[in-house]
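Read the structure below first, then the notes.
Each value in this text was obtained by applying a stated rule to the coordinates, not by laboratory testing. Every value quoted in this text rests on a predicted model; they were computed, and no experiment measured them. In this analysis, Cβ positions are derived from the backbone assuming ideal geometry, glycine residues included, and neighbour counts consider all displayed protein chains.
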Amino acid sequence: MIIFIAMVLIAGIVAYVIISTGSLLETQSGSTGSQTIKEVSSGLKVSTIQGHNTAGLIDKVIILITLRAGSPEIDLTSVLIELSDSNQKNIIEYSSSYWVDGTAGLDSLFEVDAFSSVASEFGAIVINDDDSSCSQMTPVINRGDSVMLAINTTATLGGISENENIIGNIIPEEGAWAIIQFRTPSSFVKPIVILQED
C-alpha cells in the first residue's frame, strides 16, 4: 500500500512538471512567433533611389521609402542609414534642420534645402502624408506615407563616380532593414540618374 501511494505521488509530481513545462513552452513559442512575424512584416521598403549628376559625379542622392505592408509606424529619428563604397562606411542619422514639406509638389527636387553638408546627417522630403504625422520634429511614417531620404553624397562619400558599387542599409529601430545596393552606370549622360528601383 505504501509503495502504491508513493508511486501515485511520484506520478502526480511528474505530471505537474510535464504540464508546467508544456505551458511554459507554449507561452514562449507564442511570444517568439509574434515577435518573428513583427520583425518580418514590419520595417521600411525602398521604392527607388535617384542621384543628381554634377560634372560626372553623383553629389546628392534621394531614397524614396514607404512602410512594408502590415508595419506599425516608424519614427525617422530612430532610423540609421549605413552607406559604404569600396573605401569607407558611414552611419547617417536624421537631422530636423533638413526637413522639407513636399506634399504640395516641388519644382526642383535636388535644389531643396534637404541635403545636409554634414557627413553624418540625412534630411527628409515628405511626399505623401495625409494625416500630417511626419512633421519636422516628430517625423513619424505610417501607412500610406511616402518620404524621400536626402543624402549629400559629396559630404558623405566624397561623391559617387561612374562604375562604382554602393551598398548599405536603412535600419529602423524595429523591423526588417531596407537594402541599398546599386552600381552606377559607366557614364552619366543626364542630370538625374536612376540608381535603384524596386
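May I ask you to evaluate 6.51 cos²θ - 1.76 cosθ + 1.60, the Karplus curve with θ = phi - 60°, for each residue of region 91-104 and list the ³J(HN,Hα) values in order in whole Hz, giving x for glycine and proline?
Using θ = phi - 60°, the values come out as 10, 10, 10, 5, 10, 5, 5, 10, 9, 10, 8, x, 5, 8 Hz.
If the cut-off is 13 Å between C-alpha atoms, which aspartates and glutamates fall inside it for K60, apart from same-chain ones fewer than 8 positions away?
The reachable aspartates and glutamates, counting only those whose Cα sits under 13 Å from K60, are E111, D113, E121.
Just for the Cα atoms in region 43-197, what are the lengths along the principal axes, largest first, rounded to whole Å?
Cα spread of region 43-197 along its principal axes, largest to smallest: 41, 32, 26 Å.
Pop out the ³J(HN,Hα) list for region 185-198 in order, Karplus 6.51 cos²θ - 1.76 cosθ + 1.60 with θ = phi - 60°, rounded to Hz; leave Gly and Pro as x.
Once θ is set to phi - 60°, the couplings for region 185-198 become x, 6, 8, 9, 8, 9, x, 10, 10, 7, 9, 8, 9, 5 Hz.
First measure r as the distance between the Cβ atoms of T77 and K190, then evaluate 1/(1 + (r/R0)^6) with R0 = 35 Å and state the FRET efficiency to the nearest 0.05. Show your work: numbers first, answer last.
Numbers: r = 34 Å, r/R0 = 0.97.
Once rounded, the FRET efficiency stands at 0.55.
How far apart, in nm, are two points set 7 Å out from the Cα along the Cα-to-Cβ line at S117 and at Q136?
Rounded to a tenth, the inter-label distance reads 1.9 nm.
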